[in-house]
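**Student:** Following this message is one structure expressed as structure tokens.
The values are calculated or read from the model by the stated rules, or taken from the named source; none is laboratory data. As the structure is a computational prediction, the values presented were derived from the model and not from experiment. No Cβ is skipped: glycine too gets one built from the backbone with ideal geometry, and neighbour counts run over all protein chains shown. To get the accessible areas, we keep the full protein, side chains included, count just its heavy atoms, and leave off ligands, DNA and RNA. Shrake-Rupley method; radii C 1.70, N 1.55, O 1.52, S 1.80 Å.
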Amino acid sequence: MFKQLIRRNLWSENVATVQLLGLCPLLAVSHAIEPAAGLAAASCLVLVGSAALVSLLRHWIPTVVRLPMFVLVIATYTTIAVMLMQAFAWELYMQIALFMQIIVTNCMILGRINQVASRENFGVSVLDAVTTSIAFAIILIGMGAIRELAAIAMPLAAHPTGAFLIFGLLIAAFQGVRRESSPAERLAPVVVREEA
């Protein structure tokens, strides 16, 4: 089960390249490695901390207030991440301040809390959060590295337009590799039968 969870989160259901969640901060701060790594670390702290706490409290959270409680927990960990970065990495924080503040609205985090942490035990919830965070961080930092290097020869890569183009190429490459490595995941041809 754990191997399947790791494979699913890192590869077959990657939140960034397959589910296309959390794209706003991914595209905005991936112009260089440093801000990308900073946002990846902050997102990891928020997701893992929130998943752990929600998993522990899931039996005591009434269904009626479930979503507001999730947002409150995520907002608490977002505030902790913001305060830590302000205290220990002020210059980095100033580069990504806006996107640090809106981690609480990141649908990737809220989605994993709602789908997994609110339903599974502590171990599964934390493992899911860690692997999801790693998958998101790999794409975010990878985008930062690609765009930073590409901007040397092609300045467009450092701009928002370049972010969309590079991410589109990255998704195309990822899907191509994914389909080649998993032939069973290829779409079956649609057969149309005529009625008699």
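**Student:** Picking from Thr17, Thr78, Ala51, whose Cα lies most toward the positive end of the charge dipole for the chain (charges on Cβ: Lys, Arg +1; Asp, Glu -1)?
**Tutor:** Of the candidates, Ala51 comes out farthest on the positive side.
**Student:** Next up: Please check: in the Gaussian network model of the chain (C-alpha springs, under 10 Å), which one of Ile61, Ile166, Ile134 has the largest mean-square fluctuation.
**Tutor:** Its mean-square fluctuation being the largest, the pick is Ile61.
**Student:** Heavy-atom accessible area of Ser12 with all protein chains present, probe 1.4 Å, nearest 10 Å²?
**Tutor:** Here the accessible area works out near 20 Å².
**Student:** Right, another one. How high is the relative contact order of the stretch 2-187? Use alpha-carbon pairs under 8 Å, at least six apart in sequence, and give a whole percent.
**Tutor:** 37 percent
**Student:** Quickly rank 83-90, 17-24, 72-79 as a protection proxy: mean count of other C-beta atoms within 10 Å, highest first.
**Tutor:** 72-79, 17-24, 83-90
**Student:** Here is a further query. Can you tell me which of Pro62, Pro35, Pro160 moves the most in a GNM of the chain? Springs connect C-alpha atoms under 10 Å apart.
**Tutor:** Among Pro62, Pro35, Pro160, the largest GNM mean-square fluctuation belongs to Pro62.
**Student:** While we're on this one: From the phi angles alone, apply the Karplus equation (6.51, -1.76, 1.60; θ = phi - 60°) to the stretch 72-87 and give each ³J(HN,Hα) in whole Hz, x where the residue is Gly or Pro.
**Tutor:** Taking θ as phi minus 60°, the curve returns 4, 5, 4, 5, 4, 5, 5, 4, 4, 4, 4, 5, 5, 5, 4, 6 Hz for the stretch 72-87.
**Student:** Suppose accessible area is computed on protein heavy atoms with a 1.4 Å probe; arrange Val29, Val177 from highest to lowest.
**Tutor:** I get Val177, Val29, largest accessible area first.
**Student:** What are the ³J(HN,Hα) values, in whole Hz, obtained from phi via the Karplus relation 6.51 cos²θ - 1.76 cosθ + 1.60 with θ = phi - 60°, for each residue of the stretch 151-160 in sequence order, with x given for Gly and Pro?
**Tutor:** 5, 5, 9, 9, x, 4, 4, 7, 9, x
**Student:** Let me ask something else. Work out the length of the dipole vector of the stretch 2-187 about its Cα centre, built from +1 on the beta-carbon of each Lys and Arg and -1 on the beta-carbon of each Asp and Glu, and round it to the nearest 20 debye.
**Tutor:** On the way: 11 positive and 8 negative charges, 110 e Å.
For the stretch 2-187, the charge dipole is close to 540 debye.
**Student:** Identify the trypsin sites (Lys or Arg not before Pro) of the stretch 103-159 meeting these criteria: DSSP loop state and at most 16 other C-beta atoms within 10 Å of the C-beta. Kindly include the intermediate steps, with their values, before the conclusion.
**Tutor:** Values: sites: Arg112, Arg119, Arg147; in loops: Arg119.
Passing both the DSSP loop test and the Cβ count: Arg119.
**Student:** Accessible area, 1.4 Å probe, largest first: how do His159, His59 sort?
**Tutor:** His59, His159
**Student:** Now a separate question. Quick check: convex hull over the Cα atoms of the chain, volume per residue in Å³, rounded to an integer?
**Tutor:** Values: hull volume 33.8 nm³, N = 196.
Output value, Cα hull per residue: 172 Å³.
**Student:** Residue by residue, what Karplus-based ³J(HN,Hα) values in Hz, rounded to whole numbers, does the stretch 116-121 have, using 6.51, -1.76 and 1.60 with θ = phi - 60° and x for Gly and Pro?
**Tutor:** 10, 4, 7, 10, 10, 6
**Student:** With every protein chain left in place, what is the accessible area per residue of the stretch 36-173 in square angstrom, probe 1.4 Å?
**Tutor:** Accessible area per residue: 50 Å².
**Student:** In addition: Treating the stretch 71-183 as a set of equal point scatterers at the Cα positions, no solvent, please give the Debye-formula log₁₀ I(q)/I(0) at q = 0.24 Å⁻¹.
**Tutor:** Taken in order of the listed q values, log10 I(q)/I(0) reads -1.29.
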